[in-house]
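Engineer: Dropping the structure in here first, questions after.
Every read-out reported here was derived from the displayed coordinates using simple, explicitly stated rules and does not represent laboratory data. Bear in mind the structure is a predicted one, so any value in this text is a computation, not a measurement. Cβ placement follows ideal geometry from the backbone for every residue including glycine, while neighbour counts extend to all protein chains displayed.
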Amino acid sequence: MFKKLLLSLALVAGVGLVAPTFAEDAPAAPEVTTEAAAAPAAAPAAEAPAADAAAAPAVAPNKGDTTFMYVATTLVILMTIPGLALFYGGLVRSKNMLSVLMQVLMTFSLVTVLWVIYGYTLTFTAGNPFFGSLDKLLLTGVTPDSVGATFSKGVVIPELLFVAFQCTFAAITPALIIGAFAERMKFAAVLAFMAIWFTFSYIPVAHMVWYWDGPDAITNADTLATVTANAGWLWAKGALDFAGGTVVHINAGIAGLVAAIVLGKRVGLGKEAMPPHNLVMTMIGASLLWVGWFGFNVGSNLEANGVAALAFMNTFVATAAAVLAWSFIEFVARGKVSMLGALSGAVAGLVAITPACGFVGIGGALVIGVAASLVCYWGVTGLKKMIGADDALDVFGVHGVGGITGALLTGVFASPSLGGLGICNYVTNKCGDAADFPGIAAQVMIQGQAVLTSVVVSAVVSFIALKVIDLVIGLRVKEEEEREGLDTVSHGETAYHL
C-alpha cells in the first residue's frame, strides 16, 4: 500500500510539474485599483491603518459590494447543500444514498463551527508564513462595525461577511473528499478525518496562498516589502490562485487519492456492477454546482466590478467548452455521448477555471476548459488504472488533475501577451503592464511550486490522519455492513421505500 501511495504521488508530480518546481521568490503579487484586475487571493480583514493615516475618516462598506457578497456566499452554500450532496448521492448505489448526503451535510456543519472557533483566525490573521495567530479566536474583536479589505484601496466589506464567505470555501473543500471513499468508511471516522484534515491541511494551505495585509497597507516599496514579509509563504512568492485551484481542488483531490489508497477497494469492485443509481439526481446536483460556482469564483473578487464580470464570463465559457470537449472525446472513444460524461466535463471545466477566472482572458478560458476535459478524461481512465486506487467518484481524477491543470495554465494565460490581465503593481497602482509580469515561464514555475506544496501538505496530513484514526476507532465498516449499505448500518434509514 505504501509503495502504491509513493507511485501515486510520483504520478501527481509528473502531471503537475511541467516546469521546474522551485524558483527564486517572485515579486509579491501586486494589488488592484478599482479599475483593475483582482489580486491573487482573497484579502484578509483590514489591519489597523498606518500611524500617519490614523486620523483619516473610516471607510464604510459599499452597499452594492456588500449585497454582491451576500449573494455570492449564499450561492456557495447552494453548491454544497444540496448541489454537491445530490451530485455525489446520485453516483453511488441506492443503499448508500443517504450516507453520502449525511456526510456532506455533517462535514459542512462541522467545519463551519470549527471555522468560527479557530479556522478564521489561523487563516486570515498575521502570524507566520504557514499559520495565522489566535488573535481572533472565536471571532474575538470581529463586530458588525469591523471591515475587511478587498482588492481596491479604500474599498471594504463587512468583516463578518468576509468570514462567512471564506467559511463556505473551508466547508466545501473537505466535503469534496467524500466522493473518493464513498460507500465504505465509518461515519465517525469521516468526521474525525475532516476535523484533522481541515486543521492541518486546509488552514495552512489557505494561509500560505491567500493571506496578506491588504492593499491599503502598501504605499511604497518599503511597505510592499513589509506586506510581503508578513504574507503567506506562497502569496509572497507570487502564486496566483483566484478562487481555490490549489487551496480547494488540488488539496481535496490529493486527500481523496490518499484516502482511496489507504482504505482499499470497495467489496465486489470489478466483480459486481456498481453503476450510479440515479443520474437524474446527479444532473440536478451538477446543475446546482454550476450555478453555485458563480458565487465561488465571482465572489472571490470581493467587489462588484468589471473583474467580477470577467470571472463570471470565464466560468461560463470554460465550463461550456469543457462539456463539449469531454462529449467529443467520449464520442470518438466510445461512439456514444453519455450524460455522466457531459457532467464530468462540466465539473472538470469548473475546477480548472477556478484559479484562473479573474486573471485570464476569454480565449484563455476556452483553452483551459478544453484542456481540462482532455487531461481529466485521461485522469479518470488511464491514470486511474495506472494507480489502481478505488477513487469511487473520481475526486482525484477531476479535482486533483483538473486543479493541477488549471493552476499551471493560470501562469500561462494570465500573461498580458496572451490576453490575460497580468498582475497589478501596488506601488504605482497600475495593472496589466507587461513589465510587471514575471514572464510565462517564471510564473509557471511559481505555480508549480504552489502545486507541489499543496500536494505534499495534503498527502502527508491525510496519510497520518487516516492511520491515526484507523488505530483509534477504525476506518472501514465490516464487510457484511458494507454489503448491506451504509444507509441502514450507519443511519438506520433508507433513501427509497418501494
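Engineer: Just check segment 61-134 against the gyration tensor rule for me: Cα atoms, a ≥ b ≥ c as the square roots of the eigenvalues, rounded for a/c under 1.5, and otherwise prolate or oblate depending on whether a/b exceeds b/c.
Structural biologist: Oblate.
Engineer: With runs of 4+ DSSP H residues as the only contributors, calculate the mean residue ellipticity of the chain at 222 nm using -39,500 (n - 2.57) per run, divided by the residue total and rounded to the nearest 500.
Structural biologist: It comes out at -17500 deg cm²/dmol, rounded to the nearest 500.
Engineer: Right, something else. Based on DSSP, what percent of beta bridges with both residues in the chain are antiparallel, to the nearest 5?
Structural biologist: Rounded to the nearest five, the antiparallel share is 80 percent.
Engineer: Separate question: With a 10 Å Cβ neighbour count serving as the proxy for reagent exposure, in which order, fewest first, do L134, L114, L409 appear?
Structural biologist: Ascending number of Cβ neighbours within 10 Å: L134, L114, L409.
Engineer: Please list 467-474, 347-354 highest first by mean number of surrounding beta-carbon atoms within 10 Å per residue.
Structural biologist: Going by the mean number of other Cβ atoms within 10 Å, highest first, we get 347-354, 467-474.
Engineer: Show me 220-231, 153-164, 395-406, 314-325 ranked by packing, highest mean number of other Cβ atoms within 10 Å first.
Structural biologist: Sorting 220-231, 153-164, 395-406, 314-325 by mean packing, highest first, produces 395-406, 314-325, 153-164, 220-231.
Engineer: Could you state the principal axis extents of the C-alpha atoms in segment 142-235, from the largest down, to the nearest angstrom?
Structural biologist: On the principal axes, segment 142-235 reaches 55, 30, 18 Å in Cα extent.
Engineer: Right, something else. Taking other Cβ within 10 Å of each residue's Cβ, how do Y211, Y496 sort, fewest first?
Structural biologist: Fewest-to-most ranking of Y211, Y496: Y496, Y211.
Engineer: Once the cut-off is 31 Å, how many percent of the Cα-Cα pairs in the chain end up in the long-distance tail?
Structural biologist: 38 percent
Engineer: Compute the relative contact order of the chain as a whole-number percentage, counting only Cα pairs closer than 8 Å that sit 6 or more residues apart in sequence.
Structural biologist: That works out to 26 percent.
Engineer: Here is a follow-up. Need one word for segment 409-490: rounded, prolate or oblate. Basis is the Cα gyration tensor (sqrt eigenvalues a ≥ b ≥ c); a/c below 1.5 gives rounded, then a/b vs b/c decides.
Structural biologist: prolate
Engineer: Would you list V280, V258 from fewest to most Cβ contacts within 10 Å?
Structural biologist: Ordered from fewest to most neighbouring Cβ atoms within 10 Å, V280, V258 come out as V280, V258.
Engineer: Once the convex hull of the C-alpha atoms of segment 347-498 is built, how many Å³ does it hold per residue, rounded to a whole number?
Structural biologist: Expressed per residue, the convex hull around the Cα atoms of segment 347-498 is 193 Å³.
Engineer: Still on this structure, I have one more. Using the 4.7 Å Cβ rule, please list in number order the cysteines from the chain without any candidate partner.
Structural biologist: Within the chain, the cysteines lacking a partner Cβ under 4.7 Å are C167, C357, C376.
Engineer: Okay, moving on. Anything in the chain that counts as a DSSP H helix reaching 30 Å or more along its axis (C-alpha) with Kyte-Doolittle mean of at least -1.0? List them, would you?
Structural biologist: Those that clear 30 Å and a mean of -1.0 are 306-334, 440-472.
Engineer: For a test of the definition: using alpha carbon positions, the gyration tensor, and the 1.5 limit on a/c, classify segment 195-345 as rounded, prolate or oblate.
Structural biologist: oblate
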